Amino acid sequence: MVDKKSTIFCDIDGTLIKYREFVTYETNPALPIESTIEYITDQFNDGHMILLTTARPEELRRHTELELEMNNIPYHRLIMGIERGPRYLINDLSPKEPGDRAIAINLKRNEGI
């Protein structure tokens, strides 16, 4: 049987890096949230797909990529400019494999996993 890998969507601000207002990104350093970074790194190293999401505007892409690199946060794709409201994941259920195929984990801001 093939070992199926997961796709993990992970927000950046308040989840991987302590939350700051957009206008302070270039003047205040990114403060890593180590427990979540460790979890994401382990998942990445185990071959799972890591998609980072953020409401940061596209014009902060290069700055965001540098922050992720400086804090050793691995990922496969970075999705910028998503809305700041609730995020929904919609997925199908497999008739051959029981169990949920969409799972949500809500973390308290800045506290990590």
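Just so it is clear, none of the values below were taken in a lab; they were calculated from the coordinates. Just so it is clear, the structure is predicted and the values come from calculations on it, not from any experiment. Counting neighbours? That spans all protein chains shown, and the Cβs are built from the backbone with ideal geometry, glycine included.
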| task | Taking amide H positions as placed in the peptide plane 1.01 Å from N, state which residues far from Ile50 in sequence (5 or more) or on other chains have amide H under 5 Å from it. | result | Ile8, His76, Arg77
| query | When the chain is fully extended, how far beyond the present Cα-Cα distance does Ser94 get from Met70, taking 0.36 nm per residue of separation? | reply | 4.7 nm
| query | Equivalent-ellipsoid semi-axes (√(5λ), Cα gyration tensor) for the chain, whole Å, largest first? | reply | 27, 16, 13
| query | If you count, for each residue, the other Cβ atoms within 10 Å and average over each peptide, how do 36-46, 59-69 line up from highest to lowest? | reply | 36-46, 59-69
| message | Need one number: nm distance between label points at Lys5 and Leu60, each 7 Å from Cα along Cα→Cβ, rounded to one decimal. | response | 2.8
| Amide hydrogen neighbours beyond the local backbone of Lys18, cut-off 5 Å, H modeled | Leu31, Ile33
| said: Given the -39500 (n - 2.57) contribution per DSSP H run of 4+ residues, what per-residue ellipticity at 222 nm results for the chain, rounded to the nearest 500 deg cm²/dmol? | reply: -6000 deg cm²/dmol
| request: Please report how many Lys pairs in the chain have alpha carbons closer than 29 angstrom, counting only residues at least 8 apart along the chain or sitting on separate chains. | output: 5
| query | Could you give the distance between the Cα centres of the range 3-19 and the range 53-100, to the whole Å? | reply | 6
